[in-house]
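Any read-out appearing in this document is the output of simple, stated calculations on the displayed coordinates, not a laboratory observation. In this text, all values refer to a predicted model and were calculated from it rather than measured experimentally. Cβ: placed from backbone, ideal geometry, glycine included. Neighbour counts: every protein chain shown.
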């Protein structure tokens with residue numbers, strides 16, 4: 001069943017997806033027990049698309065991001081799974097790469113901008129030094145080439161290149177540093193960009209410039225992007241497809257409009273109902289009761305069942321797998337029809353209200 | 001004029017030495033009536049948290065006054081000040097720092113009850129603590145009373161914080177980004193609980209946040225005050241502000257916020273700012289602080305004259321030369 | 001049996017049960033860190049040795065000039081000294097002084113450090129400026145030479161006097177450390193909440209700040225102890241303090257009698273040195289566990 005969704009989507013596109021993940025399991029041992037952070041995750045990242053991984057704290061999304069470029073902590077192990085990377089006809093099994101080849105892979109094929117990126121700079125080095133350090137560590141460019149590329153990319157992200165390249169990190173604002181990181185990540189021309197909470201620490205206005213920038217960069221340079229966030233509105237802004245994660249698994253995966261307007265998983269529906277909008281109007285804002293599960297001691301069957309209004313005995317016994325629900329839209333739930341009906345009602349009510357407001 | 005429960009008059013707070021002075025809060029005048037909900041919104045560094053702490057009496061103003069029930073709080077006698085202290089409580093942002101890790105929930109709640117004689121012995125304090133946990137929707141009560149903070153989730157800790165704040169029956173609560181560090185899916189539950197406190201206990205709220213959607217949701221029946229680099233730039237009722245912002249900064253904020261609705265957010269009209277640079281508190285722009293970024297900037301006016309916060313009818317206030325012109 | 005008696009008995013039993021549980025929890029937490037637990041056991045061993053030991057092992061009073069510098073044997077497990085007296089017995093009897101001194105100095109200097117440190121951090125202002133400057137100056141004074149000089153000027157007859165002097169001389173380090181800790185703790189949100197709830201200075205110091213510093217205080221205490229032992233042994237070694245026979249005195253005697261120059265006499269000097277070293281080590285190792293013991297995150301309600 002699982003392979004169905006992915007093979008189908010692969011055949012839809014004429015080009016092979018740059019990244020394919022199959023049956024990925026990541027866990028790590030702590031004093032209390034074994035944390036199952038990523039459980040059987042499978043998806044394709046299509047060429048030129050932006051895929052958003054949405055989930056709350058403790059759902060495993062950051063671990064998944066780190067696993068893709070194998071930057072997990074020592075205590076974490078990739079128990080099983082496949083990560084296949086493709087570019088220009090070459091195919092690379094990422095999990096089989098040696099450390100030296102991994103270093104090449106990171107940044108040149110697949111760059112990652114981390115969550116605490118604003119603190120990722122060494123305060124005693126100038127921006128240029130840090131850029132050059134990165135280039136040297138991952139290879140592929142001469143010093144002059146690097147400098148030229150750096151200046152070009154810095155102006156591309158709307159920074160004053162001359163001023164920024166010789167500045168110290170503390171002389172730049174949070175938004176500027178984030179833009180420098182974006183420029184740096186594109187320096188070695190990667191095919192894939194992974195961003196973890198790219199705008200979380202930023203102000204509203206700064207966030208807007210970064211979001212606009214990310215959209216522009218993707219459209220003009222054409223890389224594929226995975227961005228990880230807990231913020232639904234960022235997915236609504238930038239994503240082509242959205243994957244919602246819960247307790248280490250992807251519970252729903254589909255085009256952004258499907259996920260928001262026609263969700264089929266209770267958790268996705270719950271998230272949408274729990275997030276207020278500013279300029280829209282939402283009457284029925286509702287929290288999801290309970291809290292995310294302990295990744296060491298997961299509930300039986302479907303991990304969401306303790307918080308799910310549609311849960312039945314079946315849900316308590318068997319964990320649903322991610323399977324195709326409609327075209328290009330996969331869900332891991334036994335009661336998707338019910339969820340869909342509920343979502344339709346909700347959005348209709350919303351649209352009526354909206355019409356009533358303006359009409 | 002209706003009497004305000006909390007009023008600030010030209011409230012100012014500067015930090016630093018004489019040579020390098022930073023004005024975090026600059027002449028903020030705001031009045032909040034009993035039973036109202038006012039949201040103080042703005043981006044980081046705008047001074048909203050500092051204002052909140054001064055209103056809660058945890059920071060002394062360097063200029064201006066804070067009035068509680070009409071009396072200047074820092075010019076009162078001990079009894080009056082104590083009355084104010086207990087009447088105004090704060091809820092902090094970080095659920096991981098707001099509770100003492102060495103105390104159980106029962107101890108955290110009993111301490112103020114016993115200290116102020118609201119409970120005569122430990123048994124009574126425990127009973128009252130259980131009641132308070134019920135008010136903030138924390139169950140199972142018996143189980144939770146014996147827990148230490150590290151055994152609770154972020155949302156639960158925030159609820160304990162709220163329960164602690166209401167032990168002394170305050171009239172006014174300053175909620176400083178109280179839901180910002182809590183998971184999205186439980187934010188609404190917390191906000192609904194706080195709204196219920198307003199309805200059932202008659203508590204007045206000053207809700208500080210940088211999240212406009214949360215501000216709109218919580219203060220829909222109330223008002224929003226927008227701050228920029230230490231001053232108030234617009235004060236209006238929430239529906240007014242959200243549907244018809246007058247100040248260019250408010251317009252920019254509302255247009256910039258991404259929405260959890262793809263069609264809505266991708267077709268939203270954006271406001272283009274003239275500059276991306278955020279002003280530094282050490283080197284503030286002349287005249288109106290927003291002028292370097294303002295799309296309605298008028299040379300000779302906006303960079304010269306400081307716009308005062310003036311009423312423009314309908315209960316709205318605005319600090320902008322151009323908007324005031326109409 | 002009346003109902004009241006039954007209730008009282010049950011309460012007492014509950015309390016005893018509670019104590020056992022607390023003791024059990026204490027041991028469990030101590031054992032989290034293996035080295036710390038070893039240190040703890042060693043420390044307990046030393047305490048027993050120096051307190052209970054003297055009751056079991058007779059004092060070595062008789063001089064036996066026929067048995068000078070004997071190597072370890074069944075009769076004399078650690079050999080004999082320059083006067084033929086049993087070294088083992090001297091070790092057993094000679095530790096109590098050191099232990100008492102260490103504990104006394106530890107308590108006094110930690111007390112001074114906590115009081116001055118907290119007040120300084122919480123009250124601030126001129127008191128704080130004055131104390132920090134004083135501490136800065138104090139720290140530049142070479143302590144041991146000063147101690148040596150004082151020893152010749154003041155009659156160091158009692159333990160308490162020595163403890164007081166040692167504490168007064170070493171207050172500055174602890175003061176600064178505690179002050180820094182309190183400074184960071186007082187900025188915490190829960191302290192601010194306590195201020196908002198008008199809980200008062202006493203509550204804030206003892207209920208809010210202090211419990212979160214316990215591990216810090218305990219560790220500072222252990223280091224105060226080790227410092228005191230060094231100081232005391234040093235003084236005694238130099239012959240400046242005429243106290244009763246203890247390990248330091250043993251080293252002094254051994255030194256002055258040239259025990260280091262003969263192979264047979266090496267036990268005389270090495271035994272007390274080893275005893276002191278092991279004692280210090282046990283304290284230092286034990287401090288590793290103390291952090292776990294006072295960590296509130298290990299408690300569960």
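Which order do peptides A:145-152, B:265-272, B:156-163 fall in by mean Cβ count within 10 Å, highest first?
Working: A:145-152: 16.5, B:265-272: 13.6, B:156-163: 24.4.
Descending mean neighbour count gives B:156-163, A:145-152, B:265-272.
Taken over the protein assembly as shown, the convex hull of the Cα atoms encloses 255 Å³ per residue.
With coordinates expressed along the principal axes, the C-alpha atoms belonging to region C:52-107 extend over 44, 21, 18 Å, beginning with the largest.
Per residue and in cubic angstrom, what volume does the convex hull of the Cα atoms of chain B have? Please list the in-between numbers first.
Values: hull volume 49.8 nm³, N = 326.
Hull volume normalised by residue count: 153 Å³.
Eigenvalues of the alpha-carbon gyration tensor of region A:29-180, scaled by 5 and square-rooted, set the equivalent ellipsoid semi-axes at 31, 20, 16 angstrom, largest first.
For chain C, the longest principal axis of the C-alpha atoms and the axis of helix C:214-237 are separated by about 20°.
For region C:211-254 versus region B:40-55, the inter-centroid distance based on Cα atoms is 53 Å.
Note on region B:67-180: Cα Rg divided by 2.2 N^0.38 Å, N the number of residues, gives 1.10. For region C:279-301 and region A:49-98, write down the distance between their C-alpha centroids in whole Å. Between the Cα centre of region C:279-301 and that of region A:49-98, the gap is 40 Å.
Between residue A:91 and residue A:30, what is 0.36 nm times their sequence separation minus the Cα-Cα distance? Round to one decimal in nm.
On the way: separation 61, 0.36 × 61 = 21.96 nm, distance 3.49 nm.
Gain on extension, residue A:91 to residue A:30, equals 18.5 nm.
Going from the residue with the fewest nearby Cβ atoms within 10 Å to the one with the most, C:285, C:255 rank C:255, C:285.
How large, in Å, is region C:1-130 by the Kirkwood hydrodynamic radius built from its alpha-carbon pairs?
Details: mean 1/r = 0.0501 Å⁻¹.
This gives a value of 20.0 Å.
With all pairs of different C-alpha atoms in the average, the Kirkwood value for the hydrodynamic radius of region B:139-268 is 16.6 Å.
Look at B:167, C:12, B:62 and count the other Cβ atoms within 10 Å of each Cβ; fewest to most, that gives C:12, B:62, B:167. Quick one: in region C:125-186, what % of C-alpha pairs are over 19 Å apart? In whole percent, the long-distance tail amounts to 42. Simple spin-label estimate for residue C:19 and residue A:200 gives 4.9 nm between the two label positions (7 Å along the Cα-to-Cβ direction from each Cα). Here the spin labels are modelled as points 7 Å beyond Cα on the Cα-Cβ line, and at residue A:353 and residue C:26 they lie 6.0 nm apart.
Here the ratio of the Cα radius of gyration of region A:217-339 to 2.2 N^0.38 Å is 1.11. The share of Cα pairs per 10 Å bin across region A:13-90, counted from zero up to the longest distance, runs 17, 48, 27, 8, 1 percent. Give the Debye-formula value of log10 I(q)/I(0) at each listed q (0.15, 0.21, 0.25, 0.32 Å⁻¹), with one equal scatterer per alpha carbon of region C:233-286, two decimals each. Log10 I(q)/I(0), no solvent term: -0.43, -0.75, -0.93, -1.16.
Peptide B:275-282 shows a mean partner chain C-beta count of 3 within 10 Å per residue C-beta.
Once each part is reduced to its C-alpha centroid, what is the distance from region B:101-163 to region C:148-183 in angstrom? If we compute the Cα centre of each part, the gap is 43 Å. Radius of gyration (Cα atoms) of region A:263-318, expressed as a multiple of 2.2 N^0.38 Å: 1.32. Helix C:171-186 versus the longest principal axis of chain C: what is the Cα-based angle in degrees, 0 to 90, to the nearest 10? Taking the Cα atoms of chain C, the angle to C:171-186 is about 20 degrees.
Annotation for residue A:122 and residue B:221: the two label points, set 7 Å from Cα along the Cα-Cβ direction, are 5.8 nm apart.
Rg and Dmax, both from the Cα atoms of region C:136-278 and both in Å, are 21.1, 71.
Using the Cβ-Cβ distance between residue B:9 and residue B:286 with R0 = 22 Å, the FRET efficiency computed as 1/(1 + (r/R0)^6) comes to roughly 0.30.
For residue A:296 and residue A:316, calculate 0.36 nm times their separation in residues minus their Cα-Cα distance, and state this gained length in nm to one decimal. Could you put the intermediate results ahead of the total?
On the way: separation 20, 0.36 × 20 = 7.20 nm, distance 1.76 nm.
So the chain would gain 5.4 nm between residue A:296 and residue A:316.
Both radii come from the Cα set of chain C: Rg as radius of gyration, Rh as Kirkwood radius; their ratio Rg/Rh reads 1.07.
Provide the gained length on full extension for the span residue C:57 to residue C:160, in nm with one decimal, where the gain is 0.36 nm per separating residue minus the Cα-Cα distance.
34.4 nm
In chain A, the longest principal axis of the Cα atoms and the axis of helix A:174-186 are about 80 degrees apart. Rg and Dmax of chain A, based on Cα coordinates, read 21.1, 65 Å.
Over region B:67-127, the hull volume per residue, using the convex hull of the C-alpha atoms, is 120 Å³.
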